[in-house]
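We did not get these values from a lab; they are worked out from the coordinates using the rules stated. Every value quoted in this text rests on a predicted model; they were computed, and no experiment measured them. Ideal geometry is used to build each Cβ from the backbone, glycine not excepted, and the neighbour counts take in all protein chains shown.
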């Protein structure tokens, strides 16, 4: 057995593209309760109150919604060097750039499906000051009590045309592990949940893109502390006129409590809570069949059609 | 910078000593909602419904309460070998034994203060059958709805005579990292919270033993999913006549929501929930001064004197 | 303005009919966590741990599922006499009987649709003894920690052929007040939520029976303390193989958090929590249109077809 | 048995006196999440998002903290007339005034200890408009997501020199019922919890004033929906620098989950949640002895000395 690689620490930042920058930033600030920390040209950088880094979300003006760069923090400079070498060797590297909004130098690459990703190690910790300074020094800043008040960035779920191919790439080149997966009747993956932390997933290849498009986003997820807060988020969305797609309910895969909704730019976001930790170093992936997945979510919830067909950028048909 | 070691996966099992085996087992089964899976001579082996291994708690008949062996699971056979080598080199090794209740071969040692510890890698996963088989295959068994229904073993907190010495040993020899610590006015540690998982702690050297005794236990902790369940645990304890020492309240150090009580054998147990994850690979320890600790817990809760003076085995004075 | 009548205190007991008495009682005891306190011929009498009376649920063997007698406790003997007089005057009275399982003499009647109802005042308070005696004297007995552990009977929802007619009867003859209602395009009621307590409803005429049958039951509801416990109930149902119909989610009408499932006899039960109190003495009913109701429940949840078509006894078609 | 009186509907408004009006209003708006709806001379009128009336809290500039008028809404004009007659007959009436901030004409009186109280029936319902209009028409306005976001005014707790005398007055003259009480070794009341709603208390004579002063306030309480939100309130208070006195914990008397803190004017406020309803029309009061009360709160929590000795206005010693 090859020993597991521990070179990636966690998902560090997700960049969302939006055709309406002001509305999207307004949503993340006023409704989700995040803070804008910096604006550079067409990008706003935001953070949740529990994120230790300077910015975990980049919102960038674009013609159409979708996902920009998904950034992963390495566990050390040496780890970063090892992963960059591996990516370079795979031929998918796109070179170094200076990092933005607190990130040090950053190495870009694309997964086989074309999603832009990046690796970095150097990171500026958030320093809360003034009326945002927390009462307890083991907290990055005061708890946000605006709207939903999400605690931290949790994971990203993207679609691709060949999940076997993409999951293998992330596993072999970056050191991701598979926690759960869905296998189709032809033996090929139709869903793969991958992690580098003991959270049950940090990245999901959620579905074989039914439109056959590359590089699309299903959703980006933000965590709250308990299931009650997922329900409270739905209450907030209801009052604020945010379009809820489905939930709160409980996923069968991973058992997370979920709520899906749309930010004004058209991207799907998820509010999530998950108390489970995958501490076993050798737990084999849990594999679900299509038949098992047809039973719906944990409590029998059936997802609406849009959840299976809509990703960003949307496909005109 | 030396790269961090990832050779230990998590706390695997804690052995509690009790002068009243039946009463102690009754408490863990009926009040905490755990299951007894095996009994070998004077030891009962138990598990919480969310633990993936066969047994996470060993309760052993003894003259006096206290802690027996604290077992840590390695991340691989190679990792186990590396840590055994390191322990051997430190002169604290006590040799191999065949493991019990699902554990493969196990290497024993003592920390500098004399707490018995063990390392193992091979472990039998729990297989739930019959009416304990879970509805969802990504869960070890059905949720326990008996009493508190704790989900999993969380951490162990022990006292020792020299925290600097013991914490250093666990860091250098086993690869623990420090998440938070309290430093006395003389610059020496008076508390150290150590972890091998991204949970904020798996082992705490909670206090310099005021009685100067070696190898004592402050408490062993079991996790529930949300703060509401810590309060529900207090409701259960109240009705069942369990002696509550303090809580529910929120620790300042680590911010966990806690409830302390005593099992019939005299050992202190904690019901805990903690949604925080320490995902940063380079977060420096949070260091608290004595003055800061004098302010009480997060919400100002002052702990009773027993919490500062009672550990097991108790000291006759 | 005529002053409001305060002659009924609360819903006291619901009788469910079941073709499988053992299975139904097993469900209420093992899954919902209620206690059986008495068995008389074909009827089992049960209670939830927070109910102050001896029994709040009667489960009776019958050929088919459905609802038997729905009993309302009067606020005093004088109040009972007043309401009996009013019922007698309406021509719907069915005379006195000795009460069962803790109830004193009881007066039976039928609502216009034919649902059997009863009025009583004398009632034996539950006295918990032995290991069911509570720690706090202001609690009827120890909290149940078996399965869902419902706290108390909450309300009953029945269908009828003419809601205007039935609601008027309950309002004018018994002193119920309307909290919310749905009015069809023809100006006639298609739903009416009625209460005698400041809970937002104790009795609902939930729907004009699409099959035109009389005396049918939509569901009987049991309360838990918080929304988290409605979700926990769904977790318990999942593991126990109970068929969940829909939820947890939040009703638009009344805003209660709900979970619908079926007991083994075929009757629908609801697990509910509701923190709202209608304290205003003069709040006009909230009236919803069909169009508003088409938007689904509060968070957009669409109920499955069975929820609109299935009541007990079921109609063979 | 005389039939119970139902002439008072609920606690309608509490007036707090403060030496720092701006700071006090700032606390209720920014920290508790209430809205200021009107300011008249030295008084600010505020409401919680779930209160159906225009204003449930009046904050008035004064030399010292304390309680002003405690207002009770009658169930009808006829009920108001009956209670005014009863008060007049008791010789404690202080005449009619035009009501403030949404209240119609109001009749003032003092309880035997000198607390100012008032009765009214006419009341202007809150009408939320614009971005405060709720999504669901059965809700007075959008949920407040600012700070704690309290849902509604719950109860008021005052001290007096003779609890037997004051409780009897409120029972006999106004129709209050006793839910729980503490009786001293001399057979006299040392605490009495009174209600006109099925909530377990709306008014408490909490303690025989140890300083022998008249008309003092122990606390005014605001309700949230679940125990988790009482804990969240403590998190908010911690970050905002609000002085927490004790809690969150669970009262033995009434079993409510509590959190006590001080607003900047010096008055004690309580954040509370209570899922219990006293639906029994004939439940005798639960009577506690001094010895039982010495055991502390439900989970053994011991209250700090200030809780037993501090009321407003404070007594200089």
Which residue of chain A is nearest the rotation axis onto chain C, counting by its Cβ, and what is the distance in whole Å?
-> A:228, 3
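What is the mean number of Cβ atoms from other protein chains located within 10 Å of the Cβ atom of each residue in peptide D:246-256, rounded to a whole number? It would help to have the intermediate numbers written out before the result.
Values: counts 4, 4, 8, 7, 6, 2, 5, 3, 2, 4, 0.
The mean count of partner-chain Cβ atoms within 10 Å per residue comes to 4.
Any idea what the alpha-carbon Rg over 2.2 N^0.38 Å comes to for segment B:203-249?
After normalising by residue count via 2.2 N^0.38 Å, the value is 1.46.
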How high is the relative contact order of segment A:210-317, given as a whole-number percent (alpha carbon pairs under 8 Å, six or more residues apart)?
-> 32 percent
Inter-part distance where segment C:84-122 and segment C:148-180 are each reduced to a Cα centre, Å = 16 Å
Separation between Cα centres of segment D:215-262 and segment B:1-58, rounded to whole Å | 36 Å
Measure of size requested: the Rg and Dmax of segment C:1-117, with Cα atoms as the atom set and Å as the unit; please supply both.
-> 15.4, 51
Listed residues A:48, A:89, A:298, most fluctuating in chain A (Gaussian network, C-alpha, under 10 Å) = A:89
Find the relative contact order for segment D:115-194 and round it to a whole percent, using C-alpha pairs within less than 8 Å whose residues are 6+ positions apart.
-> 16 percent
GNM flexibility winner over chain A from A:229, A:125, A:260 (Cα, springs under 10 Å) | A:125
Have a look at C:85, C:239, C:209 and tell me which one the Gaussian network model of chain C (Cα, springs below 10 Å) gives the largest fluctuation.
-> C:239
Can you tell me what the convex hull of the Cα atoms of segment A:1-58 projects to on average, as an area in nm²?
-> 5.6 nm²
Position residue D:289, label points 7 Å along Cα→Cβ, spacing to each other copy in nm (shortest first, one decimal) = 5.0, 6.5, 6.7
Would you mind giving the three semi-axes, in whole Å and largest first, of the ellipsoid equivalent to segment D:79-232 according to its Cα gyration tensor?
-> 31, 23, 13
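Semi-axes of the equivalent ellipsoid for segment A:167-267, please: Cα gyration tensor eigenvalues, times 5, square-rooted, ordered largest first, whole Å. Display every interim value, and only then the final one.
On the way: eigenvalues 147, 57, 33 Å².
Whole-Å semi-axes of the equivalent ellipsoid: 27, 17, 13.
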Which distances, in nm and shortest first, link the residue A:78 label point to the same label point in every other copy, taking 7 Å along Cα→Cβ?
-> 1.5, 8.8, 8.8
Tell me, what does the Kirkwood hydrodynamic radius of segment D:215-288 come to in angstroms if you use every pair of distinct C-alpha atoms?
-> 13.5 Å
Per-q log10 I(q)/I(0), segment A:245-307, q = 0.24, 0.25, 0.29 Å⁻¹ (Debye; single scatterer per alpha-carbon; no solvent) | -1.10, -1.13, -1.25
Report, for residue A:185, each distance to the same residue's label point in the other copies, shortest first and in nm; define the point 7 Å along Cα→Cβ.
-> 4.2, 7.7, 8.2
What is the pair-distance distribution P(r) of segment A:84-136, computed from all Cα-Cα distances in 10 Å bins starting at 0, with each bin given as a whole percent?
-> 22, 37, 21, 13, 7
Over segment C:103-258, what relative contact order in percent results from Cα pairs under 8 Å that are six or more residues apart?
-> 22 percent
Globularity ratio of the protein assembly as shown, using Cα Rg and 2.2 N^0.38 Å = 0.94
Dimensions of segment A:142-200 along principal axes (Cα, Å, largest first)?
-> 48, 23, 17
Grab every C-alpha pair in chain A, bin the distances at 20 angstrom width from 0 up to the longest one, and report whole percents.
-> 33, 61, 5
